[in-house]
Each structure stands twice: as structure tokens, then as C-alpha cells.
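Below is one structure, written out as C-alpha cells, with a few remarks after it.
The values are calculated or read from the model by the stated rules, or taken from the named source; none is laboratory data. The structure presented is a predicted model; accordingly, all values stated were derived computationally and were not measured. For neighbour counting, all protein chains shown are included, and Cβ atoms are generated from backbone atoms with ideal geometry for every residue, glycine included. Heavy atoms of the whole protein, side chains included, go into the accessibility calculation; ligands, DNA and RNA do not. Shrake-Rupley method; radii C 1.70, N 1.55, O 1.52, S 1.80 Å.
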Amino acid sequence: MFATISADIVSSTSLSVNETIELKQRVDSLFTLLKDRYPDFYGRQIKGDYIECIIRDVSKVFRIALIIKSCIKSFTITGNKSTKDFQIYGIRMTIGIGDMRIVDMEQGIWDGEAIYMSGRALEEMNSLNKGTFSILTGKKQLSPSLQTIALLTDAIVNDMTVRQSEVVYYKLLGFKETDIARKLDISQSGVNKAASAAKWYCIEEVLKYFEQINFEEYD
């Protein structure tokens, strides 16, 4: 069983050339970091604003998805009317959980249920303009609860400011508040305030719930 992520960056064409290059570099660096932390993870950028990721350890995919979301949400841009959607949503993302027929990293060939689910769901999300985060699985007993936590988490993340996104990003990576304060050059109380405003306690509970699910138990 695998988990896949299909995603596209919202309103990426409204970014300047320099911002587009900088954002791509940021995503590339993030994928390198995630690969170091999760050896069975692989992520790639396609056509500039489209992202695909895959990981065998399904329990880690929700955290990884939120790391990517918060990283992109924390990206600072010049800001104008055309970039409003980017500032709010950052990235549309779908997670697919299921079997894979082919996973050939060297050839870049991924084929199977999980990537089909996440890819199709992203296409539907874009065409219907329905939310910016969803989780799909062939495990019918789990689908309603997973879609519910995706919907609620989406609402929380979309409300986060750039600063709150930065703090949540580092918290998802396991940094302590003192370390985050040093990295962002703010006080520890500032980190705590940003985390509280971003409803980190809710994100933490959802992560605990997702990471304890044994997907193999469900038919």
C-alpha cells in the first residue's frame, strides 16, 4: 500500500518571474529535506506548478501534506489583487491511499490506484472549485472520517497568516518553540501566540488520529 499526493499551486501564474523561480527552489529544497527525514518519500514538480509525491509509509502522508501546504503558505510575495488566491489557499492538494502497480523511481513511472485517485480528485477539485484539500481511499469505512478531517484542516490552514504558517511548518517538522523563535528571530511568546492563533492544538489532534490508523485492517 502507498499514499500519493497530487497538488497544484494556486494562481502561480500571477507570481513574478523571480517569485516563481524562488518558489520552485523552495519546493525542491523541501523535497530534499523530506527525503532525508522519510527515506521512502519521493516528490517531484511537473510543469512548474504541479506536484506529485509518493510514500510507502501511509501514516506519514498527512503530516507531509501539511508540511508542504504550510511551507508554500509561508512564502512571501509582493501582493496584489491577482495574488489574493495564492495568499489564502497556497496550494490545492489531494491524497490518495491505495495499491500501486508500478513504482519505478529511476524511470519516474508511477501507476496504480493511489495515484489515479489523487490525480482524478485534483482534476475534479479544480473543475468544481470545491475546497483545496481532500483524502481518498478505497477503504470505504474510512472515507467519511478522512474527508471530514481534510475539510476541517483545510479551513484551519486557509485562515493562517504567513507568520502562523511559518510556525506551523516548523512545528510539523518537530522543532521546539525556542528553536523556532531563533529561526524566525521572534520571541518564544510570539511563537506560542502564532501557534495558538493557527489552532495548532487542533492540527496536533488530527495528526494523532491519522497516524494511529492501521489501514491494513480495513477491507
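Of all residues in region 5-49, those satisfying the criterion of being under 24 Å from Asp111 (Cα atoms), open to solvent by less than 80 Å² (accessible area, probe 1.4 Å) and part of a loop (DSSP other than H, G, I, E, B) are Tyr38, Asp40, Gly48, Asp49.
Please determine whether any residue of region 160-172 is touching a strand residue (DSSP E or B) at 6+ places or on another chain (Cβ under 6 Å) and within 16 Å of Glu205 (Cα to Cα). Scanning region 160-172 turns up no residue that is touching a strand residue (DSSP E or B) at 6+ places or on another chain (Cβ under 6 Å) and within 16 Å of Glu205 (Cα to Cα). Kindly establish whether Lys47 is within 25 Å of Leu151 (Cβ to Cβ) and at pLDDT below 90. Taking the combined requirement at face value, the residue does not satisfy it. Looking at the structure I just gave you, is Ala150 touching a residue at least 12 places away in the same chain (Cβ under 8 Å) and closer than 17 Å to Ile72 by Cα? Criteria not met by Ala150.
Looking at region 147-165 only, could you name the residues that are open to solvent by less than 40 Å² (accessible area, probe 1.4 Å) and either in contact with a His (Cβ under 6 Å, 6 or more places away or on another chain) or not in a loop (DSSP other than H, G, I, E, B) (or both)? First the steps, then the outcome.
If we filter region 147-165 for residues that are open to solvent by less than 40 Å² (accessible area, probe 1.4 Å), which is where we start, we get 149-150, 153-154, 156-158, 160, 164-165.
Within region 147-165, Ile149, Ala150, Thr153, Asp154, Ile156, Val157, Asn158, Gln164, Ser165 qualify.
Looking only at residues in region 98-126 that are charged (D, E, K, R) and without any contact (Cβ under 8 Å) to a residue 60 or more places away in the chain, which one is least open to solvent (accessible area, probe 1.4 Å)? Going through the qualifying residues, I end up with Asp111. Kindly check whether there is at least one residue in region 127-146 that is part of a helix (DSSP H, G or I), open to solvent by less than 20 Å² (accessible area, probe 1.4 Å), modelled with pLDDT under 95 and closer than 22 Å to Val58 by Cβ. Checking region 127-146: at least one residue is part of a helix (DSSP H, G or I), open to solvent by less than 20 Å² (accessible area, probe 1.4 Å), modelled with pLDDT under 95 and closer than 22 Å to Val58 by Cβ.
Taken over region 166-218, the criterion of being in a helix (DSSP H, G or I), under 20 Å from Ile97 (Cβ atoms) and open to solvent by less than 80 Å² (accessible area, probe 1.4 Å) is satisfied by Leu172, Ile203, Val206, Leu207, Phe210, Glu211, Phe215.
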